[in-house]
Structure formats: structure tokens, C-alpha cells
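The values are calculated or read from the model by the stated rules, or taken from the named source; none is laboratory data. All values derive from a computational prediction rather than experimental measurement. All Cβ positions, even for glycine, are placed from backbone atoms using ideal geometry, and neighbour counts span all protein chains on display.
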Amino acid sequence: MKINQRMRTLAVGLALASAMMPMVVTGKTSTPKVTAPRAVPDSEPAMSPSKNIAQNVDGAKDLATLTAAMKAAGLLDTLSGTGPFTVFAPTDKAFAALPAGSVDNLMKPENKAALIKILTYHVVAGRLTRHDLANAVEAGGGTAALKTVEGDSITISRDAHRWAISDDKGNVAHVTIGNVMQSNGVIFVIDQVLMP
């Protein structure tokens, strides 16, 4: 009788514990309630907080086009420096969504200045975490303008529980993976290329 009661208590305890734990789906965790704006990523980039931005971008399989663009623009050394920097990193899909031939055209040596302008428009000086963005957006009454290394600003806001980044052209990118810590800053992976 006591053994059966203990077994039932143990079973109930295990059921409650498993209900409270994050569910694992194809190697990713998800929780029933998300309090910070965040989208569930398609795939996590393989990044280490002990490596710098350039090293981590170069090693991330979904950021190959960004890596190639950074190499063509000569920005790898800059993003290997002490910084700190906050980088809004477009995925390969984001670059592929640009008009046909745009990326190849930007990679040409004669268009290096335009490529640098676009890439530095994705970089903000300083280490801005998700918490910092939330505070800036709250203080700004729902939006926050961040000055980029390129010189123009991007606008951060919340859009359906996700971070939204608006560029000078009125395009809106969304953060798909946020708060990825680097030794010299932070990366937020985004789903569109921003245009100054």
C-alpha cells in the first residue's frame, strides 16, 4: 500500500517536473511563455563568446555571404578589434532576397565604398544587449534610434513580440537570433539587409 502510494507520488512529481521543463524539439528548446521580444531561430549559429565577431561570423554557416562581404570590404580586421560593437548580421537568405545580381555587383572592387557603407550601417558602437535595447525602446516611448558606424541611424522597436529594425529606406528587418555574446561585442542575426 505504501509502495503504491510512493509510486503514484513519484509519477505525479515526474509529470509536474516534465511539464515545467522546456520542451526539446529537434535539438532546440522552447518555453511556453517568452517575455522578451524574440523569434525562434531557423538554426543556431555556432558561436563562442570567447571568440570575436569576425571569427564567429566566419564560422557561422548561415552567415557565409556576410563573411564574404566583410572580406571584400576589408572589415574583418576592424571587427576582430577590441570594439565593442553591436552587429545586426543579415543571414544568407536575407542577402539572397536582394534584387538579382546585387550581391555580386557589390562585391566588385569598384563598388567597395558602397559595400563598406552598407555593412557599417549594420554596426553600432558599443555592446548593446537585449536588455539595453528594451530600456532604450521603453525610454523612447516605443522606438529607439541608434546611430550606426556608417553615420546614419537605424530605428529599433517591438513588432509582434520580436525586435524590428527599420532602415533609412523604410524597410523592416526582424531579429531571428538575439543577444549572441562575443568577446568584443554582441550579434543580433536579422532576416533582411538594411539599407542606408
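Numbers at a glance
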| quantity | calculated |
| --- | --- |
| Leu75 vs. criteria surrounded by 16 or more Cβ atoms within 10 Å (Cβ to Cβ), more than 17 Å from the chain's Cα centre (by Cα) and not in a helix (DSSP H, G or I) | yes |
| Which numbered condition Val87 misses (of (1) in contact (Cβ under 8 Å) with a residue 24 or more places away in the chain; (2) in contact with an Asp or Glu (Cβ under 9 Å, 6 or more places away or on another chain)) | (2) |
| Ser153 being buried (at least 17 other Cβ atoms within 10 Å of the Cβ), under 17 Å from Thr91 (Cα atoms), out of contact with any helix residue (DSSP H, G or I) (no Cβ under 6 Å at 6 or more places or on another chain) and without any contact (Cβ under 8 Å) to a residue 40 or more places away in the chain | no |
| Residue that is farthest from the chain's Cα centre (by Cα), among those in segment 121-147 that are surrounded by fewer than 18 Cβ atoms within 10 Å (Cβ to Cβ) and part of a helix (DSSP H, G or I) | Ala139 |
| Residue in segment 148-159 that is modelled with pLDDT under 95, within 17 Å of the chain's Cα centre (by Cα), outside any strand (DSSP E or B) and not β-branched (Val, Ile, Thr) present | no |
| Verdict on Gln192 being of a type in the set (S, T, N, Q), surrounded by 23 or more Cβ atoms within 10 Å (Cβ to Cβ) and touching a residue at least 40 places away in the same chain (Cβ under 8 Å) | no |
